[in-house]
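**Student:** Dropping the structure in here first, questions after.
The values are calculated or read from the model by the stated rules, or taken from the named source; none is laboratory data. The structure presented is a predicted model; accordingly, all values stated were derived computationally and were not measured. Glycine also receives a Cβ, built like all others from the backbone with ideal geometry; neighbour counts cover every protein chain displayed.
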């Protein structure tokens with residue numbers, strides 16, 4: 001296997017401690033439960049080459065490109081402008097090398113719920129991201145799976161996967177598509193699909209976006225973290241059902257989750273509940289503390305799912 005990149009979660013490291021290799025790497029400033037740090041490692045069975053385009057470090061194989069970006073926000077620049085520039089660079093990179101289909105993006109926004117010049121920073125991020133999609137002619141209905149959570153400080157951190165073949169964006173029938181949210185959530189809607197079904201190195205793979213206790217477009221159970229967790233897992237189960245309609249059959253032990261928790265005192269409650277489900281197994285879940293994109297949300301869960309071993313291909 002060949003290394004595409006490493007994302008480290010935990011306390012911010014000093015520049016001397018940071019990974020300085022040629023391969024893409026990020027250090028995301030989150031608190032991790034049950035560990036000081038964790039590493040998310042991306043690998044490929046194909047040969048990999050590394051490069052840098054503007055401020056993006058990337059790794060490319062025959063079928064995909066993995067990249068990561070850190071963008072500091074200067075005092076006189078708005079977050080929407082920073083996000084816009086990040087996504088323009090991202091789209092320029094994937095177009096340059098022919099990986100035209102963005103399938104998964106992870107976004108970590110400092111101080112996500114604070115106001116900046118009269119607008120919440122998450123809403124500013126959404127404005128910048130949306131305008132980049134529009135200006136580069138990437139239709140929002142074909143947008144990738146994504147998450148966007150908050151970190152206490154540091155740069156805007158983004159990492160992504162793009163492919164040469166399109167994935168299948170999936171929506172949850174009990175939720176309003178994020179890109180169709182009403183304007184009460186901001187002047188520009190979040191640009192992501194609820195999940196993306198793709199094929200990497202010949203293997204089907206389901207990417208599940210950041211998922212929360214949202215039905216329609218409204219948050220449910222604002223003061224009950226266990227009910228929010230149950231509602232979130234219901235939404236994830238429905239996404240697995242939607243993937244099955246595209247001939248993706250999830251392996252029994254194929255689900256891997258990353259759980260973002262707003263308040264540390266909720267960690268044990270959430271962990272104990274998820275472990276009672278026994279799907280996925282405890283060792284297939286990681287937990288970290290982050291601010292979420294709405295003040296009332298207490299937990300958000302994202303992840304990916306591996307398929308049953310099968311020769312059956314997903315629908316194209």
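**Student:** Which of the following residues is surrounded by 20 or more Cβ atoms within 10 Å (Cβ to Cβ) and either touching a helix residue (DSSP H, G or I) at 6+ places or on another chain (Cβ under 9 Å) or at positive phi (or both): 134, 109?
**Tutor:** On the way: 134 fails: surrounded by 20 or more Cβ atoms within 10 Å (Cβ to Cβ).
It is 109.
**Student:** Which residue, of 250, 282, is modelled with pLDDT under 95 and more than 27 Å from residue 169 (Cβ to Cβ)?
**Tutor:** Values: 250 fails: more than 27 Å from residue 169 (Cβ to Cβ).
Of the residues listed, the single one that is modelled with pLDDT under 95 and more than 27 Å from residue 169 (Cβ to Cβ) is 282.
**Student:** For segment 209-230, what are the residues that are out of contact with any helix residue (DSSP H, G or I) (no Cβ under 6 Å at 6 or more places or on another chain), at pLDDT 95 or above and either buried (at least 21 other Cβ atoms within 10 Å of the Cβ) or assigned to a loop (DSSP other than H, G, I, E, B) (or both)?
**Tutor:** Residues satisfying the conditions are 209, 210, 214, 217, 222, 224, 228.
**Student:** Mind checking whether some residue in segment 173-193 is touching a strand residue (DSSP E or B) at 6+ places or on another chain (Cβ under 9 Å), closer than 20 Å to residue 40 by Cα and at pLDDT 95 or above?
**Tutor:** Of all residues in segment 173-193, those touching a strand residue (DSSP E or B) at 6+ places or on another chain (Cβ under 9 Å) come to 174-179, 186-187, 190-193.
Among the residues that remain, those that are also closer than 20 Å to residue 40 by Cα are: none.
Within segment 173-193, none of the residues are touching a strand residue (DSSP E or B) at 6+ places or on another chain (Cβ under 9 Å), closer than 20 Å to residue 40 by Cα and at pLDDT 95 or above.
**Student:** Let me ask something else. Going residue by residue through segment 235-244, is there one that turns out to be touching a helix residue (DSSP H, G or I) at 6+ places or on another chain (Cβ under 8 Å) and either modelled with pLDDT of 95 or more or surrounded by fewer than 22 Cβ atoms within 10 Å (Cβ to Cβ) (or both)?
**Tutor:** If we filter segment 235-244 for residues that are touching a helix residue (DSSP H, G or I) at 6+ places or on another chain (Cβ under 8 Å), which is where we start, we get none.
Taking every residue of segment 235-244 in turn, none turns out to be touching a helix residue (DSSP H, G or I) at 6+ places or on another chain (Cβ under 8 Å) and either modelled with pLDDT of 95 or more or surrounded by fewer than 22 Cβ atoms within 10 Å (Cβ to Cβ) (or both).
**Student:** Among residues belonging to segment 53-69 that are touching a helix residue (DSSP H, G or I) at 6+ places or on another chain (Cβ under 9 Å) and outside any loop (DSSP other than H, G, I, E, B), point out the one that is farthest from residue 121 (Cα to Cα). Walk me through how you get there before you give the answer.
**Tutor:** Start the filter on segment 53-69 by keeping residues that are touching a helix residue (DSSP H, G or I) at 6+ places or on another chain (Cβ under 9 Å), which leaves 53-56, 58, 60, 65, 67, 69.
Filter again for outside any loop (DSSP other than H, G, I, E, B), leaving 53, 56, 58, 60, 65, 67, 69.
Working: 53: 27, 56: 23, 58: 27, 60: 32, 65: 29, 67: 24, 69: 19 Å.
Filtering first and then ranking leaves 60.
**Student:** Quick one: is residue 139 over 28 Å from residue 306 (Cβ atoms) and in contact with a strand residue (DSSP E or B) (Cβ under 8 Å, 6 or more places away or on another chain)? Explain how you work it out, then say what you get.
**Tutor:** Numbers: over 28 Å from residue 306 (Cβ atoms): yes; in contact with a strand residue (DSSP E or B) (Cβ under 8 Å, 6 or more places away or on another chain): no.
Answer is no for this residue.
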